[in-house]
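Laboratory data are not the source of any read-out in this text; all were calculated from the coordinates shown. All values derive from a computational prediction rather than experimental measurement. Neighbour counts run over all protein chains shown; Cβ positions are idealised from the backbone, glycine included.
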Amino acid sequence: MLQFHGTDRPAALHRREELDRYLSMTTVKPDIISDADYDDMTASARMNYDRQRMVYLSGGIVLGTPNLQRAKVMLGQCFAENVGRNSGHAGLMLDGDSAVGKTTAAKALMKYVFNQYQRQFPEFQKHDRVPVVYVEVPAGSTGKLLMKTFADFFGLTIRSGESMVSIRSRVVDTLNAAGTQLIVVDELHNLAGRAAGNGESVDVLKNLHNDLACTFVYAGIGLTNGSILGGPRGQQLSGRFTVLHMERFKLTNPSDRKAWRAVIATFEKELPLRHHELGTLPAMSDYLFERTSGSIGSLGRLLTGSAIETIINPDITREELTLRLLESRRLDIAAESARSRATNRKKDPMSVTNILKGLATK
């Protein structure tokens, strides 16, 4: 049976009301009940319970990874540096390949700032305050298109033929009036091309730092390798931002292996499955690394997707993650391609590893 989106679907991020709803949500792991209690449920109650678990699995698990902990510390430092500044505010860049958890980290940082702000100013919504703003840089962005993205977040109407300068002025006034503290700009790599509009967009963002008392977080792929930080424009940005390079997990030493196993163990504890035995997944840490190449995004899809399968598949009688079940699932193209390459290297008699093995046996 197909599972369709419902009213329990997590809110979007790129509209003010939706982001506020998402950040206000408290995600709680559903209780794990006994087989007897599960069997005693009515069909409707059982369906609702399973649905709650699937929603949690597909969007409610946030792991306190080492990258996220570092990001929180670095963001806190940026906020402290910006307290008395009226221009050139400090910011944070989340840089890394796809599927290393940049957007997940950005969402966690938004919740972190939102919750802190709510504790200090519990009635901020009555005063029309918007502490956190999120936008995605559109492909082929121009300065006007980027400002329109900000305007769309607030629901501002763009007049026919309105200039970029006019839209920008209204956006700045709105952000200042809303007392915005954090602005997250995702998909920043869309500005890495050489089109004139991209350079204009970088200038628009850079100038916003002087007009707004906000801390910025940028997230994207290869931000320090492309044209964004090159030239005079990039030099000014690089002088204001600190960079957190987010990488895939590695197994090059015992410390790396310990960190990888710890993430898996933490993830396992969040699985609301009725029959899964804790310790099963850490014991498969090498296999899980092989499947995901150390990508936290791929790991999440493998584990949560498999967990959901145990809930909805009537042919699976026990809600537990087994090697057979994990092996039956296909992951994203990048993860499957990396695994295929690794498998081929192991089989290649001329690979360095196999040559060294052969010499060792002689």
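Brief remarks on what is shown
- Ranked list, fewest to most other Cβ atoms within 10 Å of each Cβ, for VAL172, VAL130, VAL113: VAL172, VAL130, VAL113
- Burial ordering of MET25, MET110, MET284, fewest other beta-carbon atoms within 10 Å first: MET25, MET284, MET110
- Straight Cα distances below 18 angstrom link LYS144 to the aspartates and glutamates GLU136, ASP152, GLU162, ASP173, ASP186, GLU187, GLU200, ASP203, ASP211, with same-chain residues fewer than 8 positions distant left out.
- Amide N proximity, region 293-309 versus ALA283 label position 7 Å along Cα-to-Cβ, cut-off under 14 Å: none
- Dipole magnitude of the chain, debye to nearest 20 (Cβ charges: Lys/Arg +1, Asp/Glu -1, about Cα centre): 1080
- Just so you know, the Cα atoms of region 66-246 work out to an Rg and Dmax of 15.6, 47 Å.
- Straight-distance crosslink candidates among aspartates and glutamates, where the alpha carbon sits under 12 Å from LYS250 and sequence neighbours closer than 8 are dropped: ASP286, GLU290
- Cα→Cβ-extended label distance, 7 Å offset, between THR266 and GLU123, nm: 3.8
- Exceeding the 29 Å Cα-Cα cut-off - candidates LYS126/LYS148; LYS29/LYS148; LYS29/LYS206: LYS29/LYS148; LYS29/LYS206
- Size-normalised alpha-carbon gyration radius of region 236-338, reference 2.2 N^0.38 Å: 1.25
- Once C-alpha pairs closer than 8 Å and six or more residues apart are averaged by separation and normalised to the residue number of region 66-246, the relative contact order reads 37 percent.
- Listed from fewest to most Cβ neighbours within 10 Å, the set THR266, THR26 follows the order THR26, THR266.
- Listed residue (THR26, ASN253, LEU281) projecting farthest to the positive dipole end of the chain, Cβ model: ASN253
- For the chain, relative contact order (Cα pairs under 8 Å, six or more residues apart, normalised by length) works out to 20 percent.
- Helices meeting the span-like rule in the chain (full DSSP H runs, Cα extent of at least 18 Å along the helix axis, mean Kyte-Doolittle score of 0.5 or higher): 296-312.
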